[in-house]
1. Express the relative contact order of region 127-184 as a whole percentage, based on alpha carbon pairs under 8 Å and six or more residues apart in sequence.
2. Roughly what would the spin-label model give for Met148 and Ala248, points 7 Å off Cα along C-beta, in nm?
3. Over region 4-318, what relative contact order in percent results from Cα pairs under 8 Å that are six or more residues apart?
4. If you take the beta carbon distance between Glu38 and Ile155 as r and set R0 to 45 Å, what does 1/(1 + (r/R0)^6) give as a FRET efficiency, to the nearest 0.05?
5. Residues of region 152-171 with backbone nitrogen within less than 17 Å of a virtual label 7 Å along the Cα-to-Cβ line of Glu229, please, listed as ranges.
6. Residues in region 69-83, backbone N under 12 Å from the label point at Arg26 (7 Å along the Cα-to-beta-carbon vector): list them, ranges by number please.
7. For labels at Glu208 and Ala180 in the simple 7 Å Cα→Cβ model, what's the distance in nm?
8. Work out how much length Gln66 to Ser169 would gain on full extension: take 0.36 nm times their residue separation and subtract the Cα-Cα distance, in nm to one decimal.
Amino acid sequence: MWPTAELHIHIEGTIESDLLVRLARRNDIALPTYDPDELTARYVFADLQSFLDIHYSNLTVLRTEQDFYELGLGYLNRAAQAGVRRAEIFFDPQTHVGNGVPFADVIGGLSAAIAEGERTLGVSADLLLSFLRDRGPEAAEEIFRTAMPFRDKFIGVALDSTEVGYPPSLFTDVYAMAAAEGLHRVAHAGEEGGPDYVREALDLLGVERIDHGNRALEDPELVARLRDERIPLTVCPLSNVALRTAPADLSEHPLRTMLDEGLVVSINSDDPAYFGGYIDENFRAVTEALGLTRGQQATLAYNSFESAFLEPGVRQVYL
Ligand code: ES4
Ligand code: ZN
């Protein structure tokens, strides 16, 4: 197992079915079934939206600061077992605030989990506040203002949820506000949207990394730019198969081409409670399916630390 940084992980997507059931009972929230295996068996998706519908519905079980603490620490424990030394974790506060949970409780529980994980597991972690693109730019600006009193508790902003129809250009203003605050910037692009979404994220939002980026491969000029500027792509192989954004056979995954093109690509798990594996299982699956050499495996692990938001002196320790 390689030491690695995990840079594309939605904390809400790590809610395992047994935790889901425990929280539903504790908070008196209705679920279609209280059998964890039956819940997991329903996780069959046609595309990104069919996943998001179930995902957002499940998140109504999260009510208290303690719930967020347990969610966060559950992930960090599993990640530590998978060789993760550094995690940069998305959270979607608009979902929770919309469900009536105070922002302070969301970020308070997650921050406490991170402090505990650093102390007891030796995993360094930080939060990235992710905007829900399908709620539009005004809602993004509103949650950003809500988050500002907690500016010291997250290191950057991100953009996720339904991609097609919600291009990066909608979010230019809120990303400029984030830049003015000295926050890091990333965005999902090129998962279902085309290469123009990737270009917009770079040119209009000033992102430092692209989350997914698979469809960038359709544009040779863009591929050359990603390579020359060493712009990282955080790729999620088992997610792509589960959401049918890559061929069902992992041996045809675009990771092969990304490595051959010399792109700064890393392996990540996205929403592991739904997509069938944590980062170690993603790593093992692509290694086997693509027949990756030890050198290629090392490149993927190295790229993850190169792509992480670490101070230069700290990064050298990992590399
Ligand atoms: C997501 Cl895989 C994926 N894509 C876009 N938004 C998301 N939110 C959680 N998982
Ligand atoms: Zn994602």
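Taken together, the values in this text are just the output of simple stated rules run on the coordinates, not laboratory data. Just so it is clear, the model here is predicted, and its values are computed rather than measured. Positions of Cβ are backbone-derived with ideal geometry, glycine not excepted, and every protein chain shown enters the neighbour counts.
1. Values: 58 pairs, mean separation 27.1, N = 58.
For region 127-184, the relative contact order is 47 percent.
2. My value for the distance between the label points is 5.1 nm.
3. It rounds to 19 percent for region 4-318.
4. Values: r = 38 Å, r/R0 = 0.84.
Using R0 = 45 Å, I get an efficiency of 0.75.
5. Backbone N within reach: 159, 168-171.
6. Flagged as within label range: 69-74.
7. Between Glu208 and Ala180, the simple spin-label model gives 2.0 nm.
8. Details: separation 103, 0.36 × 103 = 37.08 nm, distance 3.64 nm.
So the chain would gain 33.4 nm between Gln66 and Ser169.
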